[in-house]
Amino acid sequence: MRQSQLFTKIERNAPKDEATVNAQLLARAGFVSKLMSGVYSYLPLGLRTLNKIENIVREEMDAVGGQEISMPMIHPKANWMTTGGWDKIDVLFKVKSRTEKDYALGQSEEEVVTPLVMKYVNTYKDLPKAVYQINWKFRDELRSKSGLLRGVEFLMKDMYSFHETQEDFEKYFAEVKKAYFKIFDRLGLVAKATEASGGAFTQKISYEFMVLTDAGEDDILYCDACEFCVNAEIAKEKEGDKCTRCGGKGTLAKAKASEVGNVFDLGQKFAKDFDVTFADKEGKKQYPIMGCYGIGISRLMGVIVEKYHDEGGILWPESVAPFTVHLLALGAADGSKAYESLQKAGVQVLYDDRDVTPGAKFAEADLIGIPWRIVVSQKLQADGGDNVELKKRSEKEAKIIPLDEALKAIKARH
């Protein structure tokens, strides 16, 4: 894509009403535009990154047998009354139509997915089943803040599984946990599975996947020697205690973290609410065991920026960067040959063909944070050669090499 064709522009100064790094850099670099607190437009660069995060999540959910669907964002009041959520969930957006009917904007999907899936489950032979969607959610937050980390409208992946037995659920539960760790690893994040409360409708233990960040809203305690981690709000332990999970080998440290995903054991609560059953091996009616597995897609975008940035701007991991290469043509240099070569090689490239100063191009390239930078200039092209300057965004040193070697280096690392 030619940068001259982007309708967005780089902003020199951070928005005055944004305090967190992700909100400032994403707005300045032209990834998002704030409509109001907790609600953003995703611009061309931002949508490309959001889609890449979404696709990584989609691939791993497909790999564990999830079937993708799309469910409504507006729900009838009756479904939420059936589960008790209409009166118990304080963040639920409630909408009244001109026909005097009441609706809810989806903040989760148990009220829709339970009767939907069980419509097609008659006997134990139809189980297990796992369905997921990646869709927009709405929560009536009293104080939305921290850029993409806490929003009123946000993109989320939520999967629900249905099982014949608790044993089968727990087996699948463990499989999805592993898939979550794989997702976060592919995104360049280290997440900790934190024990937490099961939420409004279940007292069962759940897991929240936390990424350490100063912009996070949760305090966690984690062991420096094993995988034990717990939300500080429900913990019996305190900072500095020896970890009982690994026999005192490690010490518990306290840190700020942001929740990027969760897994819940829903038990039979929602199936009983809707009175949806299946016939077991003996022909008796049984309620299925349900599991819920969420990942905040748009929140992940903000968390990645919180972790990967420097004084110049964003440093996107290659897996989610809007483009692989940022091609800069300086002065009167012609970058079309390099642009065509990169495209022909299947490399996603943003070509800065604008008539602006080299200093502005370098500064804006750092702000946008595309992993690789290739520079073409009259000086490099003076001898009729095809040398370019190749630099990794996360590294200080650049090197002058022929274009074909630069392509090989990028393809080898990408």
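Brief remarks on what is shown
- Residue in the range 247-263 that is touching a His at 6+ places or on another chain (Cβ under 8 Å) and surrounded by 16 or more Cβ atoms within 10 Å (Cβ to Cβ) present: no
- Within the range 132-148, residues that are over 23 Å from G66 (Cβ atoms) have Cβ atoms under 6 Å from residues that are basic (K, R) in these pairs: S144/R150; L148/R299, counting only partners at least 6 apart in sequence or on another chain.
Okay, residues lined up against (1) closer than 29 Å to M156 by Cβ; (2) hydroxyl-bearing (S, T, Y); (3) in a helix (DSSP H, G or I); (4) in contact (Cβ under 8 Å) with a residue 60 or more places away in the chain:
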position: S258; (1), (2), (3), (4): yes, yes, no, yes
position: K272; (1), (2), (3), (4): yes, no, yes, no
position: V305; (1), (2), (3), (4): yes, no, yes, yes
position: E318; (1), (2), (3), (4): yes, no, no, yes
position: A338; (1), (2), (3), (4): no, no, yes, yes
position: G346; (1), (2), (3), (4): no, no, no, no
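- The set of residues in the range 1-32 that are assigned by TED's automatic domain parsing to the domain that holds D214, of a type outside the set (D, E, K, R) and either at pLDDT 95 or above or crowded, with 20+ Cβ neighbours inside 10 Å (or both) comprises T20, V21, N22, A23, Q24, L25, L26, A27, A29, G30, F31, V32.
- Of all residues in the range 304-323 being in contact with an Asp or Glu (Cβ under 8 Å, 6 or more places away or on another chain) and closer than 23 Å to V347 by Cβ, the one that is surrounded by the fewest Cβ atoms within 10 Å (Cβ to Cβ): G312
- Residue list for the range 348-361, filter: touching a Phe, Trp or Tyr at 6+ places or on another chain (Cβ under 9 Å), assigned to a loop (DSSP other than H, G, I, E, B) and under 23 Å from R12 (Cα atoms): D353
- Checklist (1) farther than 30 Å from G369 by Cβ; (2) among the charged types (D, E, K, R); (3) surrounded by 20 or more Cβ atoms within 10 Å (Cβ to Cβ) applied to D102, failing item: (3)
The values are calculated or read from the model by the stated rules, or taken from the named source; none is laboratory data. Keep in mind the model is a prediction, meaning the values are calculated, not measured. Cβ sites come from the backbone with ideal geometry, for glycine too, and all protein chains shown count toward neighbours.
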